Amino acid sequence: MRRVVESAELFLAVVPVFVDALPSRPKREPWATDQRQPQPEDWSQAERANAIVFLRFEIQQLPEVLPKDYATYDLSDEISQTASDALDDILFVLDELIDDAIISQNSNVSSESCPRFSNLQALKYVLCSHKQTTISDTSSHFPSDILKWIQYPTAGAMSMQYRRIANPVKQFREIMRPIFEAHIVNAEPELAQPKATQIYYPSFQSQPNPEENSRKALADIQQAQRLCESTVSITKVFTTTLQQCQPPHSAHTHLSGFRKPEIDMVVSVCGGIKSKKWHTVHWSIPSGRNPRQPCTNTFCSELKESRRRMAPLQLQLQHDGSWNKGAPSARIQDSVSAPTESLQEWLTRMEGEASPTESSKLKKKDILHLALMIARSLFYLLGSPLLQDPLETETICVAKTECGSYAENLWTKAYTTAQLAGYLDKNDPNQSGRATMSILHLGRLLLTLFFRRQITVEAEDGEFDEDNDKTESLFFALNREHIHLKESSFVDPSCLIIIRNCLDICWEVDTIDAPFRTKFYWSIVEPLIQSFRSYDFSNERTAEMVESANHARGVPGNCDLDQQQALKMDVQLEKRVTVTKQGTMLQSWGQFVDAKVLASTGTIRDSESWLDCFDSINLSLRASLAKGKRALRVAILDTGCDVEHTFFSGPGDGQADRLDGHWFDCLGESHEPIDEDLGRHGTAMVALLLRLLPHAEIYMVRVARGMKSDAESGVERLSTLKESTSKAIRHAVDEWDVDIVSMSFGFSEEIASIRNAILDAETAKDGKILFFAAANNAGQNELELFPAFFESVISVRGTDFNGSFDPQYDPPSWPHKDGTCYGTLGRDVACGWTAGSLRKSGCSVATPIMAAIAATVIWFVARNDSIFSQEAKDAIKTRRGILSVFNVMTMRSNRLDKRYLTPWQLFGRDAQRKLSSIAYALDGLPPQEPAKEPRQKPQHS
């Protein structure tokens, strides 16, 4: 512990010097903002400028990563070790940036007396001599005789040199922030400003529902035990009753992850003379008492008969090892064949043939999904006779699916192969050894999938020993690669942790029982689930929700529908979804999930499923609406956006392209998107809008640095926010011609400059612009804030996923605006962040969500050219027009003064009711005399 404390104190002492010594911000070239300017012939200058901006951003974040009172936090031993390792890594990076000559200038430090970080120790002594021991203030300026020791790349250096420094700094920040962020946020004092409040609420780490996670884990563990025991009975079917079968049966078991107690196989048919014939067999594992008498026919006869009828063989296994035949299913369209391509061959082919523009190109979520399915399958099959060989890239076979995989882009199924001529004894003395080897091979496979590195056992890993079945050699080889990746590469730490967990638990297998499966689940399966959720933007819960809705409504399987008919008739859920025994797949843009059905069947059980339903609305509208119209433009005034955040390389991969040229910094400090807020509030809100509005153009305006800024006092922050907000509104209207403005902040008094900017915007746009602002997060202790209480602005309150107004996010209204209040989801909202556990709450989160609902309604009207007149299209863009539609959408609300908004209140209706509801709402507006002459934009300084 003493070593950790010394490293932390050294870090806190020296890091401000590295911030102060940063190279200056590159000058913005004219061609970067004006396409009419000549483009440079040498783009290396632009790349170097971007690299410098990246380096400056990462180094400037360092003082906030490790709190000064870090020693007071009660961290587990594992987390403490993780933090210690990360701290050592960053100190090595910083130590190398210091001129070695600094040691010769200080007699108190030498390489012998301070073998660890001697340059940093010398710098610390230099700082002490200059009385610069108060280190946490990044606004401090150090004299040149201190800054001269920091050696960043010199002017004109290659961009790679800057990124080699910035990448490990970014890795350190991403490891440390989840550990200390919540403590840092809670330690922040409230702004001592009675006249203004900024609703920028930092993020906090929390599991969606720890009790629910534990319940699901327990159910998984119990089901794994039952399924594994049932595979013994399956194998006995082949070994005890089919001893005369020639050639012996082989089976390829689908590594599906076994979400349901079912096993899919491709089994060889006995009696083949010239070549093997194959057929599909589906086993369902019993969950209750034996429902029927066992089948009297032989397995072979049933297998051959079902193959003759071209239908999968459905079998239900009984507790006593007997089986009976299940209900017949739909016919197979193509002949069944065994998978022949290995996973290694498939990965090589996919990487070699696919181009970045092809849909078959492997993506991160595809790899994570495949890794999760294989790990879950091993979790279920450990100790099973169906698992005869470790799961390796060479032994796993893959086959292409008929309609694509669950992950959309990954069109493959993975199988493991077994000979069914015999089965393993449950008391096999080498069972633990097999399990150890299987877990090591899983770690090896995950490393190959995540990092495209092949592990080769070398001489340094030890000689092969027949007694240990090469286990120790593989362990040392995997451990060597794990250490190499950790120390020399910028990689996703969560992936390395999973591989390390494989190394940790592989030696703990004595008996494959419930306690060991529990350890396996929490060490390997659960981290992979969280990693996959963070990268899967569509979210796996969508398929689960549709499936549960189908079962509740009795939807038949394998139902087809002509797409044009679906679009024309706006049919119900049961005609839009194809159900297969592997799960429910969204087939095309024209066949989509009905969000209203999901809501009515009670499947909106948390904020994530709420957002999933919004996704389904977007799918339906994208299919059915006309193309080629001007996209709606939404401006979000917030703390900016960090396009280097892992969201944009994970679940939001490619989304940053939608933001090109859509940035304006009212603080005048950055020509590139940046977010200096501690909780990245602006980034979270932009990510949320990118998800909810795939059809819109999103514009970002930075109006404040965020909740914390050491360089500004509270008064300066207030003054800056007032000025920047009015400037942002004018820029969004004059330069971008936006349709909607979202503001997640407020003031306790009306600000004249902001009020005038809003009024001028309404004049310039002839009223066809919407402003949404957060109400307040102070419960009944404070009234609505400005601009939310301004008549031209729609005030937004926060609710939970069930529509209940949260008392904390439902402030009292001012007398002049004491009428209907509007609210939407604002509690525990997932914003698409890495690890899937980062949530944000408050009116500030509900504001962009309500803006997204309004934008979707406007977009729907604009795309229905043959239905709505131009007057209706104009009216829907006004405040009174959209509120009239909101009121019609929420007519069934129990309280007319509290209106809870969801998109499916309108779009969950059939086609005719959607159109008539909007027409009814707009028809109730007072007539307006059309403007005789186009309005001119107001002149302002």
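Taken together, the values in this text are just the output of simple stated rules run on the coordinates, not laboratory data. The shown structure was predicted, so the numbers you read here are calculated from the model rather than taken from an experiment. Glycine gets a Cβ as well: all are built from the backbone with ideal geometry, and neighbour counts include every protein chain shown.
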Using a 10 Å cut-off on Cβ atoms, rank the peptides 789-797, 862-870 from the highest mean neighbour count down.
789-797, 862-870
Beyond 34 Å, what percent of the Cα pairs of the stretch 628-867 remain?
10
Checked against a 22 Å limit on the C-alpha separation, the offending pairs among Lys365/Lys470; Lys629/Lys914; Lys727/Lys768 are Lys365/Lys470
Determine, for each peptide in 675-687, 517-529, the mean count of other beta carbons within 10 angstrom over its residues, then list the peptides with the highest first.
675-687, 517-529
Pop a pseudo-label 7 angstrom from the Cα along the beta-carbon direction at both Glu782 and Ser129 and give the gap in nm to one decimal.
5.0
At a Förster radius of 22 Å, what calculated FRET efficiency corresponds to the Cβ-Cβ distance of Ser104 and Glu9, to the nearest 0.05?
0.35
Ranked from highest to lowest mean number of other Cβ atoms within 10 Å per residue, what is the order of the peptides 84-93, 720-729?
720-729, 84-93
With a Förster distance of 25 angstrom and the Cβ-Cβ distance between Glu735 and Asn50, calculated FRET efficiency to the nearest 0.05 equals 0.60
From the cross-link list Lys413/Lys519; Lys486/Lys519; Lys877/Lys898; Lys260/Lys840, the entries with a Cα-Cα span beyond 30 Å are Lys260/Lys840
Between Lys325 and Met160, 0.36 nm times their residue separation minus their Cα-Cα distance comes to what?
53.0 nm
To the nearest 0.05, the calculated FRET efficiency linking Arg913 and Glu871 through their beta-carbon distance, R0 being 30 Å, is 0.90
Tell me the label-point distance for the pair Gln222, Asp653, using the 7 Å Cα-to-Cβ offset, in nm and rounded to one decimal.
3.7
